[in-house]
1. Which residue pairs have Cβ atoms closer than 8 Å, lie 6 or more positions apart in sequence or on different chains, and pair a first residue in segment 84-100 that is closer than 17 Å to Met143 by Cα and modelled with pLDDT of 80 or more with a second residue that is assigned to a helix (DSSP H, G or I) and among the β-branched types (Val, Ile, Thr)?
2. Given the conditions (1) of a type outside the set (Asp, Glu); (2) modelled with pLDDT of 85 or more; (3) surrounded by fewer than 16 Cβ atoms within 10 Å (Cβ to Cβ), which single one is not true for Met111?
3. If a residue must be in a helix (DSSP H, G or I) and either hydrophobic (A, V, I, L, M, F, W, C) or modelled with pLDDT under 70 (or both), how many such residues does segment 203-213 contain?
Amino acid sequence: MEYFVNNFQTFLLVMIRMTSMFLIAPFFSSDLIPFRTRALLGFLVSMIIFPMVAKGSFGITSNMGLYSVFVLREIAIGLFIGFLASIIFSAFQLSGQYFAVQIGFGMSEVMDPLAQVSIPIIGQIKNMIGLLVFLYINGHHFMIKAIYRSFEYAPVFPLGEGEFFTKHLIYSFSGMFVVAFKIALPVVATVFLISIAMGVLSKAAPQMNVMMLGFPVKIMVAFAMLALLSPMIIRIMKVSLERTFTFVMGVIQAWPK
């Protein structure tokens with residue numbers, strides 16, 4: 001306890017980086033988890049890792065102005081690591097957006113409790129499936145481990161290395177669209193073929209109300225394909241999350257000194 005009291009400034013920096021990650025990282029950032037619970041969890045996890053990371057050089061100073069800069073540094077690092085891991089969940093939502101409009105679900109939107117934005121129902125379903133996969137592969141454990149390793153590889157936030165952060169952000173956003181396209185492609189392609197078939201049918205039988213017939217068929221086939229391809233979609237999500245974890249750890253290890 002005496003060691004903790006004497007190094008309270010260092011502990012505060014550790015806790016700030018940890019709680020900053022909790023504010024934006026998947027699962028931890030959900031508003032379904034009360035803020036007090038997240039704050040308590042950040043405090044307890046910081047207490048556990050504090051003795052192992054306190055040996056590093058944090059440059060503790062008695063100057064409050066300089067210490068405030070250290071606090072902002074820890075907030076920036078925690079938010080950056082959490083943001084890199086959260087981008088992949090935007091891909092799961094985007095994959096639902098790709099074909100929600102095509103099957104007539106574009107107007108049916110719900111509030112996402114994780115991101116606090118309105119998204120189509122299909123995107124919300126895929127987002128929740130992705131969250132379950134995230135917990136299944138212990139993604140919440142990885143996020144805590146990433147913060148712990150960041151104290152070794154990313155002790156400071158290099159303000160003059162904008163190219164480093166821009167490069168990895170661009171890579172993350174481009175990967176987001178690729179993952180979304182992989183997940184949505186089978187259903188989008190099937191709905192596209194149905195649209196072509198309906199167009200040919202309208203030419204062959206003009207008296208048929210293809211508009212009224214097309215939407216129920218598209219919805220039925222899209223959900224059937226979604227149920228049939230669920231194992232493949234879950235597999236893609238699992239591989240994408242694992243690659244995201246590898247990418248985040250690679251960013252931490254390549255952190256500018």
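1. What qualifies is Leu84/Thr244; Leu84/Val248; Leu84/Val251; Ala85/Thr244; Ala85/Val248; Ile87/Thr244; Ile88/Val179; Ile88/Thr244.
2. With (1) of a type outside the set (Asp, Glu); (2) modelled with pLDDT of 85 or more; (3) surrounded by fewer than 16 Cβ atoms within 10 Å (Cβ to Cβ) applied to Met111, the lone miss is (2).
3. Within segment 203-213, residues that are in a helix (DSSP H, G or I) and either hydrophobic (A, V, I, L, M, F, W, C) or modelled with pLDDT under 70 (or both) number 5.
The values are calculated or read from the model by the stated rules, or taken from the named source; none is laboratory data. Keep in mind it's a predicted model, so treat the numbers as computed, not measured. Cβ coordinates were reconstructed from backbone atoms using ideal geometry, including for glycine residues, and neighbour counts include every protein chain displayed.
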